[in-house]
Amino acid sequence: MAHLSLINALEKVGGRIYGVGVHGIIIFSDDSGKNWEQSSVPTTLTLTDIDCISENICWAVGHDAIILKTEDRGENWIKQYSDEGFDAPLLSIAMFDKNSGIAF
């Protein structure tokens with residue numbers, strides 16, 4: 001049902017476009033958005049932003065301060081952090097390299 005979901009952010013890196021949205025949806029396209037595939041994601045929380053340092057390595061953030069990471073071109077994502085008690089979603093992320101960045 002990803003084609004019916006609200007996408008909150010897009011990121012283009014190399015020849016790949018990533019999209020994140022409601023219910024933990026992460027999609028990607030390698031043909032300029034003509035066809036999309038859905039990633040395997042360990043959450044159903046709304047995702048609000050995505051940032052990639054390469055086609056292989058990206059982070060996504062969203063509600064409950066969740067931070068997800070992929071190292072396999074967005075095929076699979078792991079949860080790096082989540083805080084159900086956090087009173088606001090993380091709305092944006094900017095990664096400087098694979099070890100440093102900021103989410104707010």
**Q.** The one condition in (1) crowded, with 19+ Cβ neighbours inside 10 Å; (2) aliphatic (A, V, I, L, M); (3) part of a loop (DSSP other than H, G, I, E, B) that L91 fails to fulfil
**A.** (1)
Q: Could you please let me know if N8 is of a type outside the set (D, E) and without any contact (Cβ under 8 Å) to a residue 12 or more places away in the chain?
A: no
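Could you list all residues from the stretch 18-29 that are within 26 Å of K98 (Cβ to Cβ) and either surrounded by fewer than 18 Cβ atoms within 10 Å (Cβ to Cβ) or among the small types (G, A, S) (or both)?
Hits for the stretch 18-29 are G19, G21, G24, S29.
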Q. Looking only at the stretch 19-34, which residues are assigned to a strand (DSSP E or B) and out of contact with any helix residue (DSSP H, G or I) (no Cβ under 6 Å at 6 or more places or on another chain)?
A. G19, V20, G21, I26, F28, S29
Q | Index of the failed condition, S32 passing every other in (1) open to solvent by 80 Å² or more (accessible area, probe 1.4 Å); (2) of a type outside the set (F, W, Y); (3) at pLDDT below 95; (4) out of contact with any Asp or Glu (no Cβ under 8 Å at 6 or more places or on another chain) | A | (3)
Q) Assuming Q80 fulfils every condition listed in (1) in contact with a Lys or Arg (Cβ under 6 Å, 6 or more places away or on another chain); (2) surrounded by 14 or more Cβ atoms within 10 Å (Cβ to Cβ) apart from one, which condition is it? A) (2)
Q.
Return the residues of the stretch 35-75 that are open to solvent by 80 Å² or more (accessible area, probe 1.4 Å) and assigned to a strand (DSSP E or B); say none if nothing qualifies.
A. E37, Q38
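The values are calculated or read from the model by the stated rules, or taken from the named source; none is laboratory data. These numbers come from a predicted model, not from an experiment. Cβ: placed from backbone, ideal geometry, glycine included. Neighbour counts: every protein chain shown. Ligands, DNA and RNA are stripped out before the accessible areas are found, and what is left, the full protein with its side chains, is counted by its heavy atoms. Shrake-Rupley method; radii C 1.70, N 1.55, O 1.52, S 1.80 Å.
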